[in-house]
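As C-alpha cells, the structure follows; a few thoughts come after it.
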Amino acid sequence: MASLAGEKASELYLSGYNCAEAAWLALSQDLEQKEQAFGLRLSSGFGGGAACGSLCGAVAGAVMAIGRWYGRELGGARAGDANKLTKALVEAVQAKYGSVNCADMKPKGENYRDTCAEYVAFCVAKAEELMDKGVTDDDCG
C-alpha cells in the first residue's frame with residue numbers, strides 16, 4: 001500500500017522524527033507551520049509506544065490526524081466517526097502485523113528503523129485511505 005503521505009512519513013521517520021511525529025507531520029502537510037508544530041509537540045511523547053513499548057507510535061500519530069478531521073468539536077457531541085476510523089485503523093494494523101504494541105512489533109537490536117519506517121508508512125497510508133473513503137460499521141470487525 002503505497003501513498004505519497006506514507007512515503008513522506010517514512011522519509012520523515014528515517015530523517016530523525018519519531019514514529020508518531022512522522023505520522024502526524026505526513027498527515028498534516030496542509031496545515032500552517034504553527035499548527036503542524038503544535039501537533040508535533042503533542043505527538044512527541046507517543047514515540048516508541050509512549051516510550052514504554054505500548055501502542056505503536058505510528059498508530060498514535062495517525063489517530064491524532066484522524067481526530068483532527070473527525071474528532072469532537074469543543075462542547076460538541078462525541079465523535080463517532082473518529083472512533084470508527086480509529087478502530088478500522090487498529091484492526092488493519094493488527095491484521096497485517098499481528099499487534100499494535102511497539103514491544104511486539106519492533107524488531108530487537110539496533111537495525112529496527114527500516115522495519116519501523118514500513119510501519120509508519122503503512123499506518124499513514126491506511127489512515128489516509130480510511131479517511132478518504134469513510135468508514136461504515138461493516139469495515140470494523
Hits in the range 53-74 (condition: more than 22 Å from Ala26 (Cβ to Cβ) and without any contact (Cβ under 8 Å) to a residue 40 or more places away in the chain): Arg72, Glu73, Leu74
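Given the criterion out of contact with any strand residue (DSSP E or B) (no Cβ under 8 Å at 6 or more places or on another chain), modelled with pLDDT of 95 or more and among the β-branched types (Val, Ile, Thr), identify the matching residue among Val93, Val100. Write out each step before concluding.
Details: Val100 fails: out of contact with any strand residue (DSSP E or B) (no Cβ under 8 Å at 6 or more places or on another chain).
Every option except Val93 fails the conditions.
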Considering only the range 72-110, how many residues are buried (at least 19 other Cβ atoms within 10 Å of the Cβ) and in a loop (DSSP other than H, G, I, E, B)? 2
For the range 1-30, give me the residue count where each residue is more than 11 Å from Ala65 (Cα to Cα), among the aliphatic types (A, V, I, L, M) and not in a helix (DSSP H, G or I). 2
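Working carefully through the options Gly48, Gly39, find the one that is on the phi < 0 side of the Ramachandran plot and surrounded by 14 or more Cβ atoms within 10 Å (Cβ to Cβ).
Working: Gly48 fails: on the phi < 0 side of the Ramachandran plot.
None of the other options fit; the residue is Gly39.
Answer with yes or no whether Lys106 is under 16 Å from the mean Cα position of the chain (by Cα), basic (Lys, Arg) and at pLDDT 95 or above. Explain how you work it out, then say what you get.
Details: under 16 Å from the mean Cα position of the chain (by Cα): yes; basic (Lys, Arg): yes; at pLDDT 95 or above: no.
Spelling it out, it is not the case that Lys106 is under 16 Å from the mean Cα position of the chain (by Cα), basic (Lys, Arg) and at pLDDT 95 or above.
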For a quick check of your reading of the model, give me the residue pairs whose first member lies in the range 75-101 and is under 22 Å from Asp132 (Cβ atoms), whose second is acidic (Asp, Glu) and surrounded by 14 or more Cβ atoms within 10 Å (Cβ to Cβ), with beta-carbon atoms closer than 6 Å and at least 6 apart or on different chains. Ala88/Asp139
Only one of Leu42, Leu74 is under 24 Å from Lys87 (Cβ atoms), of a type outside the set (Val, Ile, Thr) and modelled with pLDDT under 95, namely Leu74
Number of positions in the range 15-30 that are surrounded by 15 or more Cβ atoms within 10 Å (Cβ to Cβ) and either at pLDDT below 95 or not polar (S, T, N, Q) (or both): 10
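The values are calculated or read from the model by the stated rules, or taken from the named source; none is laboratory data. Here the structure is a predicted model, which is why all the values come from computation and not from measurement. Heads up, the Cβs are rebuilt from the backbone with ideal geometry, glycines too, and the neighbour counts pull from every protein chain shown.
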